[in-house]
Amino acid sequence: MLTQRQPWWQKGVIYQIYPRSFMDSNADGIGDLQGILQKLDYLNDGTPDSLGVDVIWISPFYPSPMADFGYDVADYCDVDPLFGDLAIFDRLVEESHRRGIKIIIDYVPNHTSDRHPWFQESRASRSSPKRDWYLWRDARPDGSMPNNWGSVFGGPAWTWDEGSGQFYFHQFLKEQPELNWRNPEVRAAMQDVLHFWLRRGVDGFRMDVVAFLIKDAELRDNPPNLNAPPSLHPGDLFGRQLHHYNEDQDEVQELIREFRRVLDQYEDRCAIGELFYELPRWVRYYGENGNGLHLPFNFRLLHTPWQADAIRQSVDELEAVLPPFGWPNYVLGNHDQPRLASRIGSAQARVAAMLLLTLRGTPTLYYGDELGMVNGVIPPDLVQDPQGLRLGAERTRDVARTPMLWTAGVQAGFTTGDPWLPVAADYTTNNATVQSQDPRSMLSLVRKLLWLRQRSPALLEGTYRSLPSGSEACFAYLRSHPSGDYAVALNFSAQEQHIALPAAAKGHVILSTHLDREEELSGKDLLLRANEGLLIKVR
Ligand code: NOJ
Ligand code: CA
């Protein structure tokens, strides 16, 4: 049990807003900061009739040519006019704080836009004072690229610059040149960016591909990945390599400690990092003694087969590897992944919501997942995502970026203009307003789970222990706290399951994912209906 007051980033539920797709306030078809302001009451008005999230993470809203929809930043210290301006941002921080909502923003330190003045200056000539701010290399004697590394979006990670006669490095688009984090001036300039936003009152940062910042000093060739699936797109060089040298280098830990030192100059701020490694390497990002990231994102549940045993194993392994200062976290959806409800089905999405919101650790909820939104249908000529355009329509991330469904009105109430991506076809019957009025909807379930979670010390800070359930299709666990325990039993199958949970024998079902069941348990076996999860207050 924690002895100190639990910090907000452990208690809170993070809600990720992809700003282009959340709410458009000015009819240009693109969501904006003013739109988020208008929807704060939906997120949390302090009553059980709102969602009840208390942290929002807003994906990039900085000035950008939008080659990668904002992950190509041309100015780290401003707001793109598409999204608003600094005054609106300040108002958003103020209004959110007034409601007890913390604000996390995206920090994109690995690469800038090729339109960033730093890169323009760097590429101007080999003797530019900013030349070394990016990774420039000569061609090899035979004219070929400096090494064999690939770009995540397909093709090689090097682009030839005719004007200055060298290659520059980018692991995403060629419009996203990578900063040289071995250069102290780059470090200082990028720390200033953190100060700029910390002073404006932001509560934390989600750090984009943070383990990419340092590459092998000698830029050695990566070995081939002999297990790469044969179905990979021919252009996917990145997918065909083992990433021994281009990411997760030991020296990146020092940079993360530096970020922490900056954040720790302010009160109560939080560092979240985007990284993907196996547990032994991933866990290092908490730092020694907790001087690293507060929350290295845990994406394992996104890639674990949706089966009770596999999920239990993933959670147990995570719990086992965490140092005493390491706080868990779970992600089930984001702007880079297909929608959860499409991956596991709408019935299991409700079970997933109970899992996410009752495990020990900070949950991140992706906008629209509280409605069970499914993958958008994007006609080939409307594909926007550079990954989809380069690696094939089946890789497009547009499917998870379609407009939020607010009402049965025009364009689901998202815009009165032409939305940048199509609105889901079923929006007249499936939207936040309709679901608000339906006591059994997915939205009602998520609201209820949040409301219970925020008021239950066992769910917020209790210990976690998985329980034998006697059924392969079920995952059960206990959250224990001196104030009282909760048991959770989740049926991952579409068949009913009889299970026996010693801990639950004397208890009370306080919530079913079907939202139709509250009952005293008689001490006998527990029946879980198809696709049902139960939250049980143990006596
Ligand atoms: C990870 C972000 O989540 C993704 O959307 C982006 O394309 C890459 N990083 C590059 O910034
Ligand atoms: Ca707009």
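The values are calculated or read from the model by the stated rules, or taken from the named source; none is laboratory data. Please read these numbers as outputs of a predicted model, since none were measured by experiment. No Cβ is skipped: glycine too gets one built from the backbone with ideal geometry, and neighbour counts run over all protein chains shown.
Would you say residue 503 is in a strand (DSSP E or B) and over 25 Å from the mean Cα position of the chain (by Cα)? Answer is no for this residue. Annotation: of all residues in region 43-71 being among the hydroxyl-bearing types (Ser, Thr, Tyr) and crowded, with 20+ Cβ neighbours inside 10 Å, the one that is nearest to the chain's Cα centre (by Cα) is 59.
Each residue in region 468-482 was checked for being at pLDDT 95 or above and either under 18 Å from residue 360 (Cβ atoms) or not small (Gly, Ala, Ser) (or both), and 10 pass. Look at (1) more than 23 Å from residue 131 (Cα to Cα); (2) surrounded by 14 or more Cβ atoms within 10 Å (Cβ to Cβ); (3) not β-branched (Val, Ile, Thr) and you find that residue 168 fails only one, number (1). Which residue, of 114, 132, is charged (D, E, K, R), within 29 Å of residue 243 (Cβ to Cβ) and buried (at least 17 other Cβ atoms within 10 Å of the Cβ)? The unique qualifying residue is 114. Filter region 111-153 for residues that are within 33 Å of the chain's Cα centre (by Cα) and among the aliphatic types (A, V, I, L, M) and give the result. Within region 111-153, 135, 152 meet the criteria. Going by what's in this entry, would residue 313 be described as in contact (Cβ under 8 Å) with a residue 12 or more places away in the chain, of a type in the set (S, T, N, Q) and under 25 Å from residue 339 (Cα atoms)? Here the answer is no, as residue 313 does not meet what is asked. Within region 324-344, residues that are at pLDDT 95 or above and outside any loop (DSSP other than H, G, I, E, B) have Cβ atoms under 7 Å from residues that are away from ligand 2 (no atom under 16 Å from the Cβ) and aromatic (Phe, Trp, Tyr) in these pairs: 329/297; 331/297; 331/299; 344/306, counting only partners at least 6 apart in sequence or on another chain. Using the structure shown, decide if residue 359 is touching a Leu at 6+ places or on another chain (Cβ under 6 Å) and at pLDDT 95 or above. No, not satisfied. For region 372-392, the set of residues classified as assigned to a loop (DSSP other than H, G, I, E, B) and away from ligand 2 (no atom under 16 Å from the Cβ) consists of 372, 373, 374, 375, 376, 377, 378, 379, 383, 385, 392, listed by residue number. When residue 438 is tested against (1) farther than 13 Å from residue 21 by Cβ; (2) under 24 Å from the mean Cα position of the chain (by Cα); (3) not hydroxyl-bearing (Ser, Thr, Tyr), just one condition goes unmet, and that condition is (2).
The listed residues are 173, 242, and the only one of them that is in contact with a Pro (Cβ under 7 Å, 6 or more places away or on another chain) and within 28 Å of residue 121 (Cα to Cα) turns out to be 173. Checking each residue in region 175-190 for being surrounded by fewer than 19 Cβ atoms within 10 Å (Cβ to Cβ) and part of a loop (DSSP other than H, G, I, E, B) picks out 182, 183. Kindly provide the set of residues from region 414-463 that are touching a residue at least 60 places away in the same chain (Cβ under 8 Å), of a type in the set (Gly, Ala, Ser) and not in a loop (DSSP other than H, G, I, E, B), ordered by number. Passing the criteria: 432, 436, 444.
For region 92-110, a residue qualifies if it is of a type in the set (S, T, N, Q) and in a loop (DSSP other than H, G, I, E, B), and exactly one does: 110. Taken together, the residues in region 473-500 that are assigned to a strand (DSSP E or B) and loosely packed, with under 15 Cβ neighbours inside 10 Å amount to 1.
The single condition among (1) within 16 Å of ligand 2 (Cβ to nearest atom); (2) in a helix (DSSP H, G or I); (3) in contact with a helix residue (DSSP H, G or I) (Cβ under 6 Å, 6 or more places away or on another chain) that residue 118 does not meet is (1). Restricting to region 266-297, and then to whatever is assigned to a loop (DSSP other than H, G, I, E, B) and without any contact (Cβ under 8 Å) to a residue 12 or more places away in the chain, can you tell me which residue is nearest to the chain's Cα centre (by Cα)? Restricting to residues being assigned to a loop (DSSP other than H, G, I, E, B) and without any contact (Cβ under 8 Å) to a residue 12 or more places away in the chain, the top hit is 278. Looking at the structure I just gave you, is residue 504 surrounded by fewer than 20 Cβ atoms within 10 Å (Cβ to Cβ), modelled with pLDDT under 95 and not hydroxyl-bearing (Ser, Thr, Tyr)? Answer is no for this residue.
Conditions tested, residue by residue: (1) in contact with a Leu (Cβ under 8 Å, 6 or more places away or on another chain); (2) closer than 24 Å to residue 10 by Cβ.
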| position | (1), (2) |
| --- | --- |
| 21 | yes, no |
| 24 | no, no |
| 35 | no, no |
| 48 | no, yes |
| 51 | yes, yes |
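Right, residue 104: in contact (Cβ under 8 Å) with a residue 60 or more places away in the chain, touching a Gly at 6+ places or on another chain (Cβ under 7 Å) and within 16 Å of ligand 1 (Cβ to nearest atom) or not? So residue 104 fits the description; yes. Could you count how many residues in region 383-410 are hydrophobic (A, V, I, L, M, F, W, C), at pLDDT 95 or above and more than 16 Å from ligand 1 (Cβ to nearest atom)? Qualifying residue count for the region: 5.
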